[in-house]
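Please read the structure below before turning to the comments.
Here, each number is a calculation from the coordinates, and none is a lab measurement. Everything numeric in this text was worked out from a predicted model, so none of it was measured. Glycine also receives a Cβ, built like all others from the backbone with ideal geometry; neighbour counts cover every protein chain displayed.
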Amino acid sequence: MDIKVFNKWSVQGIEVTDPGIKPYISLNPRIVPKTGARYAGQRFYRSKTFIVERLINKLMVTGHQGKKHKRTSGHHTGNTETIIAEVVKAFELIEKRTGQNPIAVFVKAIENAAPREEVTSIEYGGARYPKPVEVAPQRRIDLALRYMTQGAYAKAFNSKKKLYQALAEEIINAYNLSTDSFAISKKLELERQADAAR
């Protein structure tokens, strides 16, 4: 039986081409992607959560940016129904602009935006030095989702652009590997810093 996401889009035939994050992107479809944190508290529980639900959860709490709470466009209320409606409208817009399955576009955008390296600091002899480290697969997906949602909120804040329009643009730009995407520009910045710290 082919269960369709939001009763509109099928996940059949969608392949994750990046072998590093393939086991961590769940494509088990849900008509309404809301499990109510069923897997919370278990190790790698996020990997069992449908990827669209992870986007919805991240839109409700986008995380910190530069150790500060990020300004938002007012949808940052934790209201699941509101965010689900915005995601559905964003996916409809993606389908209209690209002519493709929006779930497939979203999964490819995550693959493109997931950083492979970042910088940590190590203390050696009383001095701190930057050191490049590989990013864990689950963190790669978390960072890609965080940067996409923060980029969408930043574009929608204090502008005439609606959240779903900003989110659709962010996902399409990440899919096309465009630097107009906040997630892609952050990934390149992180990898550039890691390269410089070698």
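Points worth noting:
- Placing +1 on each Lys and Arg Cβ and -1 on each Asp and Glu Cβ, with no other charges, gives segment 22-196 a dipole about its Cα centre of roughly 400 debye.
- Formal net charge of residues neighbouring Ile3 (Cβ-Cβ distance under 14 Å; K, R +1; D, E -1): +1
- Summary of the geometry: segment 19-41 and segment 110-186, compared by the centres of their Cα atoms, lie 20 Å apart.
- Value of relative contact order over the chain, rounded to a whole percent, pairs C-alpha under 8 Å and six or more apart: 22 percent
- MRE, 222 nm, helices only [DSSP H, n ≥ 4, -39500 (n - 2.57), over the chain, to nearest 500]: -14500 deg cm²/dmol
- For peptides 86-96, 145-155, sequence by mean Cβ density within 10 Å, most packed first: 145-155, 86-96
- When the C-alpha to C-alpha distance is required to be over 32 Å, the pairs from Lys161/Lys186; Lys108/Lys162; Lys161/Lys187; Lys131/Lys161; Lys58/Lys96 that qualify are Lys131/Lys161.
- Dipole orientation for the chain: of the candidates Ile25, Asn79, Ile94, Asn79 has the Cα lying most toward the positive pole (charges on Cβ; Lys, Arg +1; Asp, Glu -1).
- Taking 0.36 nm per residue of separation and subtracting the Cα-Cα distance, full extension of the segment from Lys89 to Ile122 would add 7.4 nm.
- Length added when fully stretched, Gln100-Val32, from 0.36 nm per residue minus Cα-Cα: 22.4 nm
- Candidate values (i) -1.32, -1.36, -1.38, -1.40; (ii) -1.05, -1.18, -1.32, -1.46; (iii) -1.03, -1.13, -1.22, -1.31, label of the one derived for log10 I(q)/I(0) by the Debye sum over Cα atoms at q = 0.16, 0.17, 0.18, 0.19 Å⁻¹: (ii)
- For peptides 6-13, 166-173, sequence by mean Cβ density within 10 Å, most packed first: 166-173, 6-13
- The listed peptides 101-108, 46-53, ordered by packing as a protection proxy, come out as 101-108, 46-53 (highest mean of other Cβ atoms within 10 Å first).
- Label-point separation, Asn7 to Glu189 (7 Å along Cα→Cβ), nm: 4.2 nm
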